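Q: Take a look at the following structure, please.
What follows draws every value from the coordinates through simple rules; no lab data is involved. This structure is a prediction, so every number in the text was calculated from the model and none was measured. Positions of Cβ are backbone-derived with ideal geometry, glycine not excepted, and every protein chain shown enters the neighbour counts.
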Amino acid sequence: MKKKLNLITFIILLNAFLSFSQKNVTTGYIEYEMTFPNVGNPSEELGTLIFNDSISLFTYRKEGYNKKLNSSSNYNENENGNMVIKAKKEDKFGSIIFRNFRNKNITFRLVTSKFYTSKLVKDNWVNFNWEIKNKYKKIGTFNCQMAEGKFRGRIYTAWFTNEIALSYGPWKLFGLPGLIIEASDEDNDFKAKLRYIKYPKLISKEQFKQPTNGEKLTIKEFATFQKNIPKIAEEKIKSKFPRGIKMKFSKLKTNFIEKTFEWETEKEKN
């Protein structure tokens with residue numbers, strides 16, 4: 001009987017501890033439905049965000065995230081009858097944006113396509129300089145407020161909620177008084193909308209690791225690589241076909257999410 005009472009007491013204390021711990025958890029998990037500008041047409045993505053009180057980690061283009069992109073063929077035809085090569089843009093690690101708010105460190109890993117090695121980039125910590133508007137709407141169960149901000153050649157509209165007072169968001173968007181629930185750029189090339197949230201949610205420290213896999217580049221080296229993607233892609237595609245086959249390449253349409261970088265705009269000002 002005494003052992004039974006001790007067991008009951010232990011269970012009650014354990015539940016009380018877990019309940020207290022859960023209330024003080026600052027970690028959470030979010031899923032966003034997203035559209036990214038791309039080389040060619042925009043691509044639909046599933047993105048996940050995990051966060052604690054000082055780190056956010058956003059992941060997309062990870063194997064299993066986008067079943068729609070897992071086509072049985074790497075080739076199709078566009079409306080003009082021209083062959084289009086669809087490059088797979090995912091791997092087991094995924095594209096990752098790691099942001100540490102304590103030391104202002106942002107590092108991202110980018111899965112580009114099978115034509116290139118994945119890139120690991122030490123980025124610059126750039127603020128959005130948001131302008132908060134007196135516009136409000138309800139998204140799901142959240143009361144949200146609108147803000148506008150500029151970042152690397154695009155103007156973004158974001159809807160954030162003060163109900164979760166953490167300055168995190170999808171992709172590289174951050175810096176508002178509350179969690180970003182929905183966002184888009186002025187051209188609607190980029191769109192993100194919350195589809196699922198679990199907060200608070202216990203997440204182990206091991207999951208907040210900075211990415212380490214990929215070709216290491218500075219942000220300026222990455223910007224140069226991005227500008228040269230059309231030329232590199234053409235050379236890579238040509239190398240996949242037998243010699244003697246003549247191919248005519250139309251100019252590759254590029255529509256990168258980061259159009260310009262801060263050092264380029266500074267040069268223009270000067």
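Q: Can you list residues from other chains, or at least 5 along the same chain, whose modelled amide H is less than 5 Å from the amide H of I181?
A: For I181, the qualifying residues are W159, F160, T161.
Q: List, in the order given, every pair from K67/K114; K114/K172; K191/K240 whose Cα-Cα distance in the structure shown is over 27 Å. Each step should come with its number before you reach the end.
A: Details: K67/K114 17 Å; K114/K172 24 Å; K191/K240 34 Å.
Over 27 Å Cα-Cα: K191/K240.
Q: Using the Cβ atoms and a cut-off under 9 Å, what net charge is assigned to the surroundings of K191, where Lys and Arg are +1 and Asp and Glu are -1?
A: Numbers: positive: K193; negative: E33, E182, D185, D189.
So the surrounding residues net to -3.
Q: Moving to a separate point now. Starting from the 7 Å offset along Cα-to-Cβ, what nm value, one decimal, do you get for the label separation of R195 and K238?
A: Going by the 7 Å Cα→Cβ label model, 4.0 nm.
Q: So, in Å, what gap is there between the alpha-carbon centers of the stretch 165-239 and the stretch 107-141?
A: 4
Q: Taking the alpha-carbon distance from K133 and a cut-off under 18 Å, which aspartates and glutamates remain once sequence neighbours fewer than 8 residues away in the same chain are dropped?
A: Cross-link targets: E148, E163, E182, D185, E186.
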